[in-house]
Amino acid sequence: VQLQASGGGLVQTGGSLRLSCAASGSALNIYIMGWYRQVPGKQRELVATAAKGRSPNYADSVRGRFTISRDNARNTVYLQMTSLKPEETAVYYCNALVFTDGAPKSYWGQGTEVTVSS
């Protein structure tokens, strides 16, 4: 399974960006797709996740400003980010929890960099 993330870039405070992450592979059975972010020297933190058939889950810090959505037919997850803040400058990673032969396995994308200028 490969995850290809895109959509990062430079944006001003208060601006918006939309991240995309497409999963590729054969006979994918993806249960959860989500986004995490990491600043150098800090732990990777959850931003939002979307599980099949369940309501999205958001970090408190982004709830109301970020929206996660999935296109299951395309095995793609999106993250619409609005009202961005400088402290949200980070590398954003997509993640997928895939079931293969009944066993779950977590996969990570390569990361896409988001820079919010003040």
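The values are calculated or read from the model by the stated rules, or taken from the named source; none is laboratory data. Quantities reported herein were computed from a predicted structural model and do not represent experimental measurements. A quick note on method: Cβ atoms are made from the backbone with ideal geometry, for glycine too, and the neighbour counts reach across all protein chains shown. Surface accessibility is based on the protein's heavy atoms, side chains included, excluding ligands, DNA and RNA. Shrake-Rupley method; radii C 1.70, N 1.55, O 1.52, S 1.80 Å.
Pairing residues of the range 90-109 that are free of Cβ contacts under 8 Å to residues at least 12 places away in the same chain with residues that are open to solvent by 40 Å² or more (accessible area, probe 1.4 Å) and assigned to a strand (DSSP E or B), at Cβ distances under 7 Å and at least 6 apart in sequence or on separate chains, gives SER106/LEU97.
Say whether the condition of being in contact with a helix residue (DSSP H, G or I) (Cβ under 7 Å, 6 or more places away or on another chain) and modelled with pLDDT of 95 or more is met by at least one residue in the range 53-76.
Pass one, the range 53-76, residues in contact with a helix residue (DSSP H, G or I) (Cβ under 7 Å, 6 or more places away or on another chain): none.
Checked the range 53-76: no residue is in contact with a helix residue (DSSP H, G or I) (Cβ under 7 Å, 6 or more places away or on another chain) and modelled with pLDDT of 95 or more.
Within the range 16-28, being surrounded by 14 or more Cβ atoms within 10 Å (Cβ to Cβ) and among the polar types (S, T, N, Q) holds for one residue alone: SER20.
Scanning the range 36-63 for residues that are among the acidic types (Asp, Glu) and part of a loop (DSSP other than H, G, I, E, B) returns a single hit, ASP60.
Being open to solvent by 40 Å² or more (accessible area, probe 1.4 Å), assigned to a loop (DSSP other than H, G, I, E, B) and free of Cβ contacts under 8 Å to residues at least 60 places away in the same chain is the filter; apply it to the range 64-86 and report the residue that is nearest to SER20 (Cα to Cα). In this case the residue turns out to be ASN75.
Among what's in the range 24-45 and is of a type in the set (Gly, Ala, Ser) and modelled with pLDDT under 95, pick the residue that is farthest from THR112 (Cα to Cα).
Applying the first criterion (of a type in the set (Gly, Ala, Ser)) to the range 24-45 yields 24-27, 34, 41.
If we keep only those that are modelled with pLDDT under 95 too, we end up with 24-27, 41.
Details: SER24: 17, GLY25: 20, SER26: 24, ALA27: 26, GLY41: 17 Å.
This residue is ALA27.
Give the residues of the range 87-118 that are open to solvent by 50 Å² or more (accessible area, probe 1.4 Å) and in a helix (DSSP H, G or I), sorted by residue number. Scanning the range 87-118 gives a single hit, GLU87.
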